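For reference, the structure discussed in these notes is given below.
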Amino acid sequence: MTEHDDLMPIGMFSRATLLSVKALRSYHELGLLVPTRIDPGTGYRSYAVSQLPDAEAIRRLRDLDVPLADIATITTSRDPERTREVLDRHEERLRDRLAQTRAALDELDTARRTPGLQTPIHTRTEPGTPALTLSAQVRQTDYAAWLDEAYPRLFATAVTLGVTPTGAPGALYPPLVEDRPQEVVAFLPASVAPGPVPADEDVLARELPPARVAVVVHAGAYDDIGRSYRALGAWVATHARSAGEPIREHYVVSIDPATGGLLPPESLRTEIAWPITTEGDPS
């Protein structure tokens, strides 16, 4: 026997582990499962029989959608307590995903059962509005988390400046949804001179531009706000022309004045304001 008798070529190792050759090459590049031997002439990879348990663990964890970084933690630490921590954290993510899936299914079921549901929509002209603002490049999936951090800063800045908000907090969202970070602006209407704000170097006092908008009031949790966006989008397509400007959301009922915390979902009211250029048949 030679020193390489217990090695398995990548094709054999792939068959034995049910991991594709492409996956094995990727795990090698990531340092997750490194071949025991790489032929210096051909670059051909071979794996040791002793690596089969690690490969099986990686395959099972990937089947559960465990992130590669967490798998690396498990396979390198080989610490049962650390493994339990990683898996508990992933279980929490799966439970959150399940809750989101159930909410989406409920929304789809409601849409099927009430296809003719009418949501009142009106138009108005929003005047130029002085406001304290915070902006950042944010992915759509991270909007809520970012806003949860932005609004306390805006309210704290207003307190520091000794000004009283003149309207409900809100946000400007990009007119097109893309799978990348895009500019989101959180705002708090307040009578403050335009320019940087000494109380918070990231806060900018500015005037939100006037706009003609079509408005719908979304009642309830933000998880179901897609229903109101669909109704508003359909109305704009039928009765007006979209201006292609940032969508505005005004959180008219959101904060419990007694506690400063977010109100229960059934109490929330959000105005969605879609900028338009004309009213009437867009054709």
Using alpha-carbon coordinates alone, the radius of gyration and Dmax of segment 7-82 in Å work out to 12.3, 42
Sorted on mean Cβ neighbours within 10 Å (highest first), peptides 40-53, 6-19 come out as 6-19, 40-53
Per-peptide average of other Cβ atoms within 10 Å, ordering 215-225, 84-94 highest first
215-225, 84-94
Explain nothing, just the number: dipole magnitude of segment 111-255 about its Cα centre with +1 on each Lys and Arg Cβ and -1 on each Asp and Glu Cβ, in debye rounded to the nearest 20.
740
Thr278 paired with Glu29, simple spin-label distance in nm, labels 7 Å along Cα-to-beta-carbon:
5.1
Roughly how big is the chain's charge dipole about its Cα centre, with Cβ charges of +1 (Lys, Arg) and -1 (Asp, Glu), in debye to the nearest 20?
620
Between Arg139 and Glu56, with labels modelled 7 Å along Cα→Cβ, what's the label distance in nm to one decimal, could you check?
3.4
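If R0 is 30 Å, what FRET efficiency do you get for Glu92 and Asp224 from their C-beta distance, rounded to 0.05? Before the final figure, lay out the partial values.
Values: r = 23 Å, r/R0 = 0.76.
About 0.85, to the nearest 0.05.
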For all pairs of alpha-carbon atoms in the chain, what percent lies in each bin of width 5 Å, listed from the first bin to the last filled one?
1, 5, 9, 11, 11, 11, 9, 8, 8, 7, 7, 6, 4, 3, 1, 0, 0, 0
Roughly what angle does helix 68-77 make with the longest principal axis of the chain, taking Cα atoms, 0 to 90 degrees, to the nearest 10?
40
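Read-outs throughout are calculated quantities, based only on the coordinates presented, and are distinct from any laboratory measurement. Keep in mind it's a predicted model, so treat the numbers as computed, not measured. Positions of Cβ are backbone-derived with ideal geometry, glycine not excepted, and every protein chain shown enters the neighbour counts.
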